[in-house]
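One structure is given here, and the rest of the page talks about it.
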Amino acid sequence: MMIKTKILLTLSLIWIVLVGYLTWFNKPKTFQWDEWVWFGVVPVLVLYLFLIIWKPNEFAKFISCIKSLFNNK
């Protein structure tokens, strides 16, 4: 489960950064925050909301794996 958690978090962050870069690249003098939020952050949050709704036990395991990532020293 730990590897699955790391992969999901990595893909989520890559998606947010990629959409942010493409938003900036489209109009380099300004950054369109509303486009970044709607096309970058919202789809990632919807993914986690679907995980909460359809697989609450998996989400609980996911959260415990995230906590264990930060507790390892």
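Quick note: the coordinates plus some simple rules give every number you see, no bench work behind them. Only a predicted model underlies this, so the values are computations on that prediction, with no experimental measurement involved. Glycine also receives a Cβ, built like all others from the backbone with ideal geometry; neighbour counts cover every protein chain displayed.
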Residue that is surrounded by the fewest Cβ atoms within 10 Å (Cβ to Cβ) [pool: residues in the stretch 20-57 that are hydrophobic (A, V, I, L, M, F, W, C) and more than 27 Å from K67 (Cα to Cα)]: F25
It is to be established whether one or more residues within the stretch 6-16 are in contact with a Cys (Cβ under 9 Å, 6 or more places away or on another chain), surrounded by 10 or more Cβ atoms within 10 Å (Cβ to Cβ) and touching a residue at least 60 places away in the same chain (Cβ under 8 Å). yes
Across the stretch 24-33, what is the number of residues that are out of contact with any Phe, Trp or Tyr (no Cβ under 9 Å at 6 or more places or on another chain) and either touching a residue at least 12 places away in the same chain (Cβ under 8 Å) or under 20 Å from S12 (Cβ atoms) (or both)? 1
Hits in the stretch 16-68 - residues which are of a type in the set (F, W, Y) and over 21 Å from I3 (Cα atoms): Y21, W24, F25, F31, W33, W36, W38, F39
Residue count for the stretch 38-73, restricted to those that are over 17 Å from T10 (Cβ atoms) and in contact with a Phe, Trp or Tyr (Cβ under 8 Å, 6 or more places away or on another chain): 2
